[in-house]
Amino acid sequence: MSYYEISDLASVQDALSAITMTNAKTNPSKALTVMNKLGSTKVDNTNVMMVLASGTQADLDAANAAFSQFQANIQNFTFVALGTAGNLDLSAFSNNENVQTLNSTDYTLSDEDTNSLVNNLNPTGATAVPPTIPPPPPGPTCDKDIAILIDQSVTVGTTDDFNRQIDYLAKSLVYSWNISLNSIETFGMLYSQLGTHLLSTKPFSYNSTNDFITDLNAVKGRELFGSNDIIAGLNSLQSHLTNRRPNYNLTTILITYNGQFDTAAAVAEANNIDGNIIVIAVNTDPTNLYYLSGTVIETDKFFYDNITQQINAALCADVVPPSPLPTLPPISTSTIPSTPTPADYYPCKSNIVFALDASLNNGDREFKQMQILVTENIVATNWTHFERIGLISYADQSSCTYEYGTFSNKADFDNTVNNNITKFANTNSITFGIGTLIHTFSGVPLNFENTVFFTSTSDPDDVARASTNSHIIDQRGSLIIVAIYPANKQNLLPLVDDPSKIIEFNPFSNIAYHTYAEDILKQFYCGPPTTSSPATPLTTITGPSISPTSTVTGPTRHGVSIYTLQTVTPQATTQSSIPLSSTTTSSSSPTTSVVTQTSVQTTVSSTQTFTVPTTSSSPTTPGTIPSTTPSAPYIPCQSWISFSIDDSNVLRNQDFMTQLNFISTTIGSLNYPQRIQAIGIYNQPVTWNSGLTITQIQDAIKNQFSQSGTYSLRKQFAALETSLLSINQTSYPVGALIFISDTSDSSLDGADQFMPSFANITLTFVLLGNNVDASKLAKYSNNTISWSDFSKPQPDNWNNLYGPAYGCSNVTTLPPTSPTSPTTTTLSTSPTSTMISSTPSVTTSTATSTTSLPSPSTAGPTSTVTGTTFVPYIPCQSWISFGIDDSNNLLSTQFLVKKQSL
């Protein structure tokens, strides 16, 4: 709270009681600096008290320099050191006349010290003058039903901003109403993209104004999550209007911090709601909101400008009709291009995302200069198509996201960056920022994505954890890292594939900002050159040479074709390459591509001919499980699989590593890596559609997970809920395994709110150790798998229980490896089919069979396999031998870990 937000002592007491602990270390230097910047030294006769309860002598000594910056400008300063801090030496501060130090190791001060502290803070002995409480503004002059939609999205800003919204309603607007069963009746609902939350009393059943205010105050401090979604809020409201009183008109008060939305869809929902709508536009452009209502009241986040009187007057005034939706001009008979020409996009045709460091590590001046660099130098006035621009601000465990489609012009973007983006009360985490980008921007509508990522830190461990996901983003187009001084460029090199993509930004150097902007824009990737060189194939398959009739270039990345498809006459054969990606195929004439493959094993040699019709198709839509060619069955079934890893500090490190080794080994028995994710409470290195291979996923699990803070099912559920937004939950089953080591009340607190999001998925708890109570988890799911003995490499009865946990009703398993391959396999797909024929030459007798498999694109949860199955060898067709060191050179624990990893 700043001086100008304090109106009474009670508000200060409320603010103090609302302070919560964080995982960050104490930093008295930062506290003193922030206090100075808030203006504590700019008011005459300032008296300051600073309370310390932790930290070291080094922390305190480091604060001396910060303290000296403004010591002379204050009247009295008192250091109060309590608990462990009571043992620290404060003599470096007590040598000054206007500084007092008080120590206590038991968190209490003596009467003498208390009186001395009070005298220092109030040297004149002034007594508080009872505040003059103005009478509340006149309430509505009519009786009606009123529904209030309260914005709980991240667009609001911070928890403090959300609390201001609640305080305005409780202390000003609703306070002026006469609520009862026979006058005004009310209903309150919090809304965001991720769901709604109803106030506790049944809608339109309040007996008094105080009852409604009590319900409002009960939601203060709730976490903000999800983007603003007016359409979802209006849609959800319609299902809660059944308890309205007869013969009373309805008015809906919609509070929103975002004016950018699908107007046609929102108007359609608004038309389904009786009565009038009043829109309160908080810190946002109101233009589009007039399509919902003719009454739009603008305000800032402090709800100034006497809007209570305006709202109360509007409640009983005649309805002002909304603006009509704009009509589209008549369609010309001339040919209209389906997509804008590349010239319409400036600076180039690509998606563009900015990630702004909003952590405490980024100084206030540096933060402001970062905003200026983005809005005044990088994003120029001639940029177009702002709907393809995304934006996030981030810190550790904190983010604010603006997805594609949020902005319509530069003014919208600049206003958001300069006014809506504020700093969080957390330190920086590159891992969390990169992870937020992966979650938020899973699709690339314009094929390429340029991401400008600002960071003020360069911790090597943080960089290492973020590097897997950063390279995924980089491969979408270009990831440009802007290292804000004092971040170290050398430490940041693992994040990208080219050192020139790291731009060092010192806001207070003599380098002109337009130079920084030019360096950043030079790194944008805007598609391949007009002629691309053929790619180096992943696997070269040699056959008789032929003369191609035409060449179709497939998808490209960084100016190089991923693969080149040669179309030939049916009689010819060719040297070709297996594509790196099968999610996109090029359009061509209906000719046939033939690849002749010869493979030789110890006792088997076969010639396989793949006949692939060359038809046009679209890139795989994010949220669907892509198919590949040839189509192998999903193991154990076609489903989305999530491993929610327990990366808390509850388990012993040895047991924690056993958990990781088991999950890594288990994933090794799966295929189709795009439908696998591994996320934790504190780390989310592998998400669905990550682009990683099975081996890369296993490496990420072993190398990027580490034990952090306390266990929280709420945080584990929150990470799962966020990831579910990137897939279609209804197309295929979703199996989520929740590894859990603590079921204490504090560990489960707040998890209930996420259950509506899990209605269509299978939750299975893997109970780690002997201190987990399955009965306390029954309200979430009755599916549990025990793992009480970590000397065993996997949970109890795992081989019989993993199928349902993966969301499978039927399970497909890999058949025993045999030196004899099946003779003929036909894989039926729709609408096209792939024929795989092989003629083996073997030394033993073989059986011929035909197996029909459903296409991976076929609706349904499972793949049913009968007869002899053509299954790919994982990772390749080879004989594999493990030579195990069973000598006594290793410790028994090391030997056990080695066995478990195998």
Set LYS792/LYS898; LYS501/LYS522; LYS368/LYS423; LYS368/LYS522 screened for pairs whose C-alpha atoms are more than 18 Å apart: LYS368/LYS522
Name the long-range amide H neighbours of ILE785: under 5 Å, sequence gap of 5 or more, or other chain; modelled H, no Pro or chain starts. PHE765, VAL766, LEU767
So for the range 202-328, using the alpha carbon gyration tensor with a ≥ b ≥ c as root eigenvalues (a/c under 1.5 gives rounded; past that, a/b versus b/c decides prolate or oblate), I'd call it rounded
Among 76-87, 183-194, 164-175, the order from most to least packed when residues are scored by Cβ within 10 Å on average: 183-194, 164-175, 76-87
Roughly what would the spin-label model give for SER744 and SER180, points 7 Å off Cα along C-beta, in nm? 4.9
Which distance in nm do the two modelled labels at MET755 and ALA15 give, with both placed 7 Å along the Cα-to-Cβ direction? 3.8
What percent do you get for the relative contact order of the range 404-508 when only Cα pairs under 8 Å and 6+ apart count? 25
Label-point separation (nm) for ASP773 and VAL320, each offset 7 Å from Cα along Cα-to-Cβ? 5.6
Within the range 132-195, what whole-number % of the accessible surface is contributed by carbon and sulfur, with the 1.4 Å probe and all protein chains included in the calculation? 54
Taking 0.36 nm per residue of separation and subtracting the Cα-Cα distance, what length does fully extending ASN889 through GLU387 add? 174.5 nm
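The values are calculated or read from the model by the stated rules, or taken from the named source; none is laboratory data. Being a predicted model, the structure only gives us computed values, none of them experimental. So basically every Cβ, Gly included, is an ideal-geometry build from the backbone, and we count neighbours across all protein chains shown. The protein model used for the area step is the full one, side chains on, heavy atoms only, and it has no ligands, DNA or RNA in it. Shrake-Rupley method; radii C 1.70, N 1.55, O 1.52, S 1.80 Å.
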